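Working notes for the structure below.
What follows draws every value from the coordinates through simple rules; no lab data is involved. Please read all numbers here as calculations on a predicted model, not as lab measurements. Don't worry about glycine lacking a Cβ; one is built from the backbone with ideal geometry, like all the others, and counts go over all protein chains shown.
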Amino acid sequence: MYASQHSTAGFLSQRLAARLHARFGGVHPYINLFRTMFPEGAGYRHDQLELRHELAEEQKKVEPTNADSHLAFITGGLRACVTDDATKPGPVYLVDLDGTFKGVPRRRVTTIVGYDHEEEVGRTTIDIPVSAHPIDAVNLRGSKLGVYDAVSELIKQHGVTKGRVRLELALNEQHASLTVNEYETLLMQHDLAEVLQHPMRFATEKIKHVWNDPRAVPSKARAYAKYDIPHAVNRLLDALGIDAPLIERLVARSLEAPASRFMRMRRSVDLLVSDSAAPGTGALIEGTYQTPILVQWRSAKTPARRLEVSLSRFS
């Protein structure tokens with residue numbers, strides 16, 4: 001099991017990586033599709049550092065503007081934790097969407113645990129209150145929800161020092177997903193909400209800038225707006241096995257399409273348990289800004305969504 005401690009650098013599942021090699025000959029074309037959907041500097045609220053009240057003034061001077069990387073991570077199927085079968089050939093892909101800041105490489109930390117067997121030792125269910133708004137994101141690390149208290153109790157009760165916690169939406173929960181990322185208000189409540197309503201919103205925002213002021217934009221960027229966007233969306237739909245309309249109608253249709261058609265958002269996430277920090281005492285391995293997040297793009301039928309929590313032991 002591989003665990004990244006970052007919200008813009010994650011792993012591709014072994015199955016998806018194999019599929020991308022079969023279809024594209026590698027992972028780069030796939031990642032570039034989401035780079036196209038979320039270009040840098042497309043008017044993200046998360047990047048307006050003057051609005052980020054949680055940041056100190058000194059931190060704002062060095063904070064990267066990387067909303068595009070967060071959105072590509074969430075929607076592109078990157079995972080904080082993956083489990084790969086070591087007997088199968090092929091590399092493990094850690095994809096860093098935000099690897100440099102002002103030309104300086106950023107430091108990335110990964111934890112790797114090898115095991116032969118896995119046994120489920122504990123399970124519980126938790127009801128997560130959600131708003132009546134169709135589009136919402138809930139921070140599952142919030143103390144009032146009790147998710148982390150329940151996880152900690154399971155780990156302590158069963159004495160797990162190496163293992164996996166899986167958070168999974170109940171089978172009857174529809175139009176919702178789980179991810180692990182940074183829960184920052186502007187990113188979650190504005191940028192991600194925009195994407196869930198209109199998956200190509202930021203790509204088209206970039207196009208509008210090109211069309212509105214073509215003399216201020218290099219010819220290469222104009223070509224990007226005219227050709228690369230519809231071509232990239234077509235390739236994305238092909239990769240996901242979705243029957244698409246004609247290219248010339250694709251961008252317009254995408255503005256009305258549900259997020260679930262365009263994004264590899266998942267119903268479960270895994271968290272690594274290890275005693276690497278305190279031998280003999282298992283705990284979740286997480287980065288400073290990582291948190292599990294429940295995302296919905298249509299209102300739930302009830303005031304809460306059911307979350308299944310399971311704990312497994314590695315041996």
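When residues in segment 39-76 are screened for being in contact with a strand residue (DSSP E or B) (Cβ under 7 Å, 6 or more places away or on another chain) and surrounded by 22 or more Cβ atoms within 10 Å (Cβ to Cβ), 3 of them pass.
Mind checking which residues of segment 83-110 are over 11 Å from Ala9 (Cβ atoms) and in contact with a Gly (Cβ under 8 Å, 6 or more places away or on another chain)? Answer for segment 83-110, where residues must be over 11 Å from Ala9 (Cβ atoms) and in contact with a Gly (Cβ under 8 Å, 6 or more places away or on another chain): Ala86, Pro105.
The single condition from (1) in contact with an Asp or Glu (Cβ under 6 Å, 6 or more places away or on another chain); (2) under 22 Å from Ser4 (Cβ atoms) that Ala277 fails is (1).
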